[in-house]
Every structure is written in structure tokens, then in C-alpha cells.
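Each remark here refers to the structure printed beneath this line.
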Amino acid sequence: MKKIVLSAVVLCSACMLQAQNINKIINTKDVTKIEKVLSADDMQGRRAFTPGIDKASSYIESEFKKIGLQTFNGAKDFKQEFSMTESKNVSLKVLIDGKAIDKADVVSFSYQPQLAMTEKSDVQVVKINAGDKFGPKFYEYYQSEKNLLVLVDASFKPRIANMRHIPQMTANPGGNSVVFVFGPTDATQFSIEGTNTITKNALNNVVGVLKGKSKPNEYVVFSGHYDHLGVGSPAEGVEHDATDSIYNGANDDAAGTTAVIMLAKYFKKLNNNERTILFTTFVAEEIGGYGAQYFSKQLNPDQVMAMFNLEMIGTESKWGKNSAYITGFEKSSMGEILQKNLQGSAFKFYPDPYPEQQLFYRSDNATLAKLGVPAHTISTSKMDSEPNYHKVSDEIETLDMVNMTQIIKAIAISSATIVNGKDTPSRVDSSALSRK
């Protein structure tokens, strides 16, 4: 009986110590300090390939170094570098059935220095007709690996402006070209000639490692993306105020990046993780998720036990304070584990209330999830009514920093049994995802 009582006292003392530790380590003052730096005007919106993204990377690296994390796979620093290929159109001439097409009615996607297409070359002519659903058709052709001439009904000309906002850059450039021409309904004979400037530029994720004690080859990932939209009006259809042209991205996703840094600080202080933890901030999420894609290729997915991707946690969820949702909740048991670990607390995790938005497939968790990893995004963003999403008004003043701090604490506490190896979420059915 004495042993039982003593064990209970020790357990209670450990719980109290953990509670004291988390309040000391994860606090609103420190959360606000990091958030302010990442979403400040001098970061210039953290757009990929700008000095602003480099400055943000350097700041995150300095925080990881200060915390005492290790680099990934023995790298010399916390940068995980990869290259991106960018194509800029210099000239373009389109002739269809003897008629010259105005360049304003043409949008080309090509990573070839010289573009040359005729009816006699290996080119398939396809159409987007009036009444078709433009979005699905566009992405089908845009993502094709074939050489395509896409004839688009003139009624869709208002879509051209949005198409021009799509960055022509990729980590894996294809050898094909896809040209959208608005207006013509047929093309018996055609000639398309163009010149593109092709350049390669480096980007980097920032990755820090906290080695596991007894299960060092089993990984738990905490991630968020640190890039945003930059300066001006780079996002599709987004306008900006003439008095403010900086997309600060305080919620999207300086908030998630702040959480990753705070969680790194917390778990390093505890120093009792049995599994290895990878703290990752991704680049190039806003232009196609390339940072997450590259990161995923550096890991054996069978060794990744769970991924917590943190995306837009700075505002209250639809349920109010002390709550957040988990995308793809039903696709693994991870959400149930987190809920169980928060029983008795004021905080609750919910399944994603916006299934029609397909959020599970739209964030940086998707790449690893498609490989079977229980990889989910935690968010509070009200996707049906988030007033500052992709706007210059997404600034720190619009965030609830006290509530955001509580969310980070809840993630830390609820993930504990996964980090210490007691719980292992079920795997995602990757075969089902591949059919999406």
C-alpha cells in the first residue's frame, strides 16, 4: 500500500512539474515575441526567392541553434536546400488557321528555352468549351505531361488574369509545353513560337533535430511553412490597399512557424523524448508545396510515426477559444489519441468542419500522408469566413495571442504519448489517397 501511495505521489508530482514547466516554457510573452519578428514589415511578406524569405530563414535557424537542436543528417547547418527551376516568357507568337492571336489571349506553361509547336509536331489539341467546369479542366491540362494546345472558349477570358498569377516554377521541370489560347474553337493548322528564359534558384527548408533516446529511428514531425505572398498582389485575384502592400502572413503561417519554434524549445527543455523529433519549417508552400515535397523524399515514410502540421492557428476556431480542428481526422487514429490525452482539460480537438474544402490534401501534410504517414494539419482557420486570409490585413493585431499560446500548449500535451513512444497512430490508407 505504501508503494502504491508513493507511486501516486510521484506521478502527481511529475504531472504538476510538467504543468509548471509548460507554463514557464510556452508563454504568451515568448509566443508574441517570435510572432512579431516573423510577421514584421521588414520580412517583406516572406515570399520565395526574395531577401525577406532569406531573412526569415536566418531567424528560424538562429532560434534552432539557441534552443540546442541538431542538424538533419549531419548537415553543416539547419538549411535543407533544394533548387527550383523558373521559366519567364520573353516572346510568344501564335498563328491559328492563318490568323494571328493577340498575346493577351494566350497563356503558356513551358520550361523549354525555345517553344515550337505545329499541327505536324507531337501536339494534342484539346478544348475547354462553354459550360465546362473551368477549374478541373484547367488543372487536368496544366498538370499534363503531354504537349497540348488548349482551345478555351472566349467566355472564360476573365480567368486569364488569375492564370498569369500562377508561378512558372517547379522542382522537377518537364519536357513538355502546354499553351492555352482563348477564342478559337478549332485549329486545323497552327504555329506557336516562343522564347523562355530558364533559371535555377535555391530555396531551403529549415530543419532541426531532437534525437530520441530509446527509439531514435522513429520520427515525429512538427511542421509549419514560413513563406507567404510577399509584396504587391502576387496571389490569385487578391487586391491590396494602396497604403499597405505587404502581405505579412501573421496567421498564414507565421503562427504555425512560431508554434514549431516554441514546441522545439519545450521538448528540448523536457529532454525525455523517446522518439526523434524533427522540427521543420517549410518553404514554397504558397507556390505549390515544394518544400514539403522535397523534405518527404529525405525520409523513409515507414519510420515517420506521426506528423503535426500547424497551419493558421492564430485566430479562434468556429467553436471559440481552446479549440482547434484536425484535417483528415477519420483517416488515422491520431486525432483520437490527441483527444484522449486532453481529457479533463478545457481544450478540445474536433474533426475538420470544412470537408468540402479538401484541406487534408491542400497543406504540407499531404505529401507524407500519401505515403501512408498519419500526417495531419491542425488549424483554427474559419475557411468559410476568415476575413484576413491572403490579404494584407493578416497582421499580428488580428491574432488572439493568448488563445494561440493555449493551442500550442494543447499540441505539446496531447502529442506527449506519441513523442514518448507509448502511442502509435494507425497509418493512413495511401492507396485510397492515390485515387484522389
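Remarks
- For region 87-199, size of Cβ-based charge dipole, Lys and Arg +1, Asp and Glu -1, in debye: 300 debye
- Taking the fewest neighbouring Cβ atoms within 10 Å as the starting point, the ordered list for His390, His376 is His390, His376.
- The DSSP beta bridges internal to region 87-199 are antiparallel in roughly 70% of cases.
- Cross-link pairs exceeding 25 Å in C-alpha to C-alpha distance, out of Lys33/Lys55; Lys24/Lys211; Lys24/Lys318; Lys55/Lys200; Lys33/Lys269, comprise Lys24/Lys318.
- Fewest-first ranking of Arg362, Arg46, Arg275, Arg159, using other Cβ atoms within 10 Å as the exposure measure: Arg362, Arg159, Arg275, Arg46
- Top positive-direction residue, dipole computed over the chain with Cβ charges, set Val150, Gly288, Leu95: Gly288
- For region 318-436, the square roots of the Cα gyration tensor eigenvalues, ordered a ≥ b ≥ c, give a/c of at least 1.5 with a/b no greater than b/c, which places it in the oblate category.
- Backbone phi angles across region 110-122, fed through the Karplus curve with coefficients 6.51, -1.76 and 1.60 (θ = phi - 60°), yield HN-Hα couplings of 7, 10, 9, x, 10, 9, 9, 9, 9, 5, 8, 9, 6 Hz in residue order; Gly and Pro are listed as x.
- Working from label points 7 Å from Cα in the Cα-to-Cβ sense, the Lys103 to Lys269 distance is 5.8 nm.
- Here the convex hull built on the C-alpha positions of region 87-199 has a volume of 94 cubic angstrom per residue.
- Cα-centre dipole for the chain with unit charges at Cβ (Lys and Arg positive, Asp and Glu negative), debye to 20: 1820 debye
- Along its principal axes, region 281-378 has C-alpha extents of 38, 28, 24 angstrom, given from the largest down.
- Residue separation of Lys422 and Lys200 scaled by 0.36 nm, minus their Cα-Cα distance, works out to 75.5 nm of gained length.
- The residues Thr377, Thr28, when put in order of fewest to most other Cβ atoms within 10 Å, stand as Thr28, Thr377.
- Applying 0.36 nm per residue to the separation of Glu145 and Gln357 and subtracting their alpha-carbon distance, the gain on full extension is 73.7 nm.
- Annotation: extensible slack from Glu386 through Lys318 equals 23.5 nm (criterion: 0.36 nm per residue apart, minus Cα-Cα distance).
- Where labels lie 7 Å past Cα in the beta-carbon direction, separation of Arg164 and Glu193 in nm: 2.4 nm
- Using the Cβ-Cβ distance between Ala75 and Asp122 with R0 set to 41 Å, the FRET efficiency works out to roughly 0.45.
- Between the residues Ser108, Phe134, Ala171, the greatest Cα displacement towards the positive end of the dipole of region 87-199, with unit charges on the Cβ of Lys, Arg, Asp and Glu, is found for Ala171.
- Estimated distance in nm for a label pair at Asp42 and Ser91, the labels positioned 7 Å out from Cα along Cα-to-Cβ: 4.5 nm
- Zero-based 20 Å bins, Cα pair distances in the chain, whole percents: 24, 52, 21, 3, 0
- Point-charge dipole on Cβ atoms (K/R +1, D/E -1) for region 326-436, about Cα centre, debye to 20: 480 debye
- Within the shell of other residues whose beta carbon sits under 11 angstrom from the beta carbon of Gly212, the net charge comes to +2, with Lys and Arg scored +1 and Asp and Glu -1.
- Shape call, region 221-366: gyration tensor on alpha carbons, a/c limit 1.5: prolate
- Taking each DSSP H run with n ≥ 4 as -39500 (n - 2.57) and averaging over every residue of the chain yields -8500 deg cm²/dmol at 222 nm.
- Amide hydrogen proximity for Val221: with H placed 1.01 Å from N in the peptide plane, the residues at 5 or more positions away or on another chain lying under 5 Å are Leu278, Ala306, Met307, Phe308.
- Relative contact order, percent, the chain [alpha-carbon distance under 8 Å, six or more residues apart]: 19 percent
- Among the GluC sites (Glu not before Pro) in region 112-155, those located in a DSSP loop and surrounded by at most 12 other Cβ atoms within 10 Å of their own Cβ are Glu145.
Each value in this text was obtained by applying a stated rule to the coordinates, not by laboratory testing. The structure presented is a predicted model; accordingly, all values stated were derived computationally and were not measured. With ideal geometry, Cβ positions are generated from the backbone for all residues, glycine too; neighbour counts draw on all protein chains shown.
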